[in-house]
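To start, the structure under review is shown below, and the notes come after it.
The values are calculated or read from the model by the stated rules, or taken from the named source; none is laboratory data. These figures come from a predicted structure and were not determined experimentally. Neighbour counts are summed over all protein chains in view; Cβ atoms, including those assigned to glycine, are modelled from backbone coordinates with ideal geometry.
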Amino acid sequence: MDKKSKVTAIIVAAGSGKRIGGSVKKQFLEIKKKPILIHTLERFQQCSDVDDIIVVVPEIEIAELKDKIFDDNHLNKVTQIISGGQERYHSVYEGIKVIPNSTEYIAVHDGVRPLITSEKISQVVQAAKQYGSAILGVTPKDTIKSVRSGFVYETKNRTSLVSVQTPQVFKKEILKTAYQHAFESREFGTDDSVLVENLGYKIFVVPGDYINIKITSAEDLFIAEKILGE
């Protein structure tokens, strides 16, 4: 396992946050007087397995975020703040385009997952260095059923299922090739690992944390506030 390879994190925070509502995009909503995105960035700043960070945000937010980050020494791993695209996969691809040549592994993480721990980031990075591709996932707590036309079609075996989280970490060339293929074929998915799967690569699953939620609703925000408040 190569422990010295450079790792760059792409933090994707270019979404509109419409599901929570209000005039402030969800990644900039504050918890404990600090934007959700800053909480997320601090987790990657604290992780010794991450060397630098690229943040992808809406173009209108770049100037203000630069003031907040580059004027504050404690987030010195953030090297670039760039504009995202219309969809999440556009934003990730914009980040991939500016990855330093010296980077060997890319970690992609949702900017609205502020409850990730530095320990879990390290675990998935180390797994990617061993296997080439790695993601975080947790076994669903509820029974999962497949439904057709409103009726139950079959009940899935939970022990073979995972609910996928981020960060997801890949060898740089694997992820670059996967995204290039996706844009050429116009075949996209709901996460980065789908694009890598489409090329036939095996992806190792690292056990995640149930608290590593993606904040998409007011209920998620309430949970995050309680956990970060502790």
Is there a residue in segment 41-50 that is closer than 20 Å to L228 by Cβ, modelled with pLDDT under 90, out of contact with any strand residue (DSSP E or B) (no Cβ under 7 Å at 6 or more places or on another chain) and not hydrophobic (A, V, I, L, M, F, W, C)?
no
Out of I69, I20, sole residue that is of a type in the set (A, V, I, L, M, F, W, C), in a loop (DSSP other than H, G, I, E, B), farther than 22 Å from S122 by Cβ and modelled with pLDDT under 95:
I20
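Among the residues of segment 82-98, which ones are in a helix (DSSP H, G or I) and of a type in the set (D, E, K, R)?
Restricting attention to segment 82-98, the residues satisfying the condition of being in a helix (DSSP H, G or I) are 88-97.
Residues satisfying the conditions are R88, E94, K97.
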Considering segment 99-116 alone, what residues qualify as being closer than 18 Å to I211 by Cα and either of a type in the set (G, A, S) or in a loop (DSSP other than H, G, I, E, B) (or both)?
G111, V112, R113, P114, L115, I116
Considering residues that are more than 27 Å from S91 (Cα to Cα) and among the β-branched types (V, I, T), the number found within segment 102-160 is 7
So, first residue farther than 12 Å from I81 by Cα and polar (S, T, N, Q) in segment 44-69, second residue at pLDDT 90 or above and surrounded by fewer than 20 Cβ atoms within 10 Å (Cβ to Cβ), Cβ within less than 8 Å, six or more apart or across chains; the pairs are Q45/L75; Q45/N76; Q45/K77; Q46/S118; S48/S118; S48/S122
Cβ-Cβ under 6 Å pairs, at least 6 apart or on other chains, segment 143-171 side within 26 Å of D110 (Cβ to Cβ), far side among the small types (G, A, S) and not in a strand (DSSP E or B):
Q165/G208; Q168/S193; V169/A128; K171/G132
Regarding V206, is this residue surrounded by 11 or more Cβ atoms within 10 Å (Cβ to Cβ), in contact with a Leu (Cβ under 8 Å, 6 or more places away or on another chain) and not basic (K, R)?
yes
Specify the residue that is surrounded by the fewest Cβ atoms within 10 Å (Cβ to Cβ); the eligible residues are those in segment 137-181 that are farther than 25 Å from I54 by Cβ and among the hydrophobic types (A, V, I, L, M, F, W, C).
F151
Within segment 182-202, of all residues that are touching a residue at least 12 places away in the same chain (Cβ under 8 Å) and under 15 Å from K171 (Cβ atoms), the one surrounded by the fewest Cβ atoms within 10 Å (Cβ to Cβ) is K202
Is it fair to say I223 is crowded, with 18+ Cβ neighbours inside 10 Å and more than 23 Å from N101 (Cα to Cα)?
no
Can you spot a residue in segment 56-63 that is more than 16 Å from the chain's Cα centre (by Cα), closer than 24 Å to K4 by Cα and not in a strand (DSSP E or B)?
no
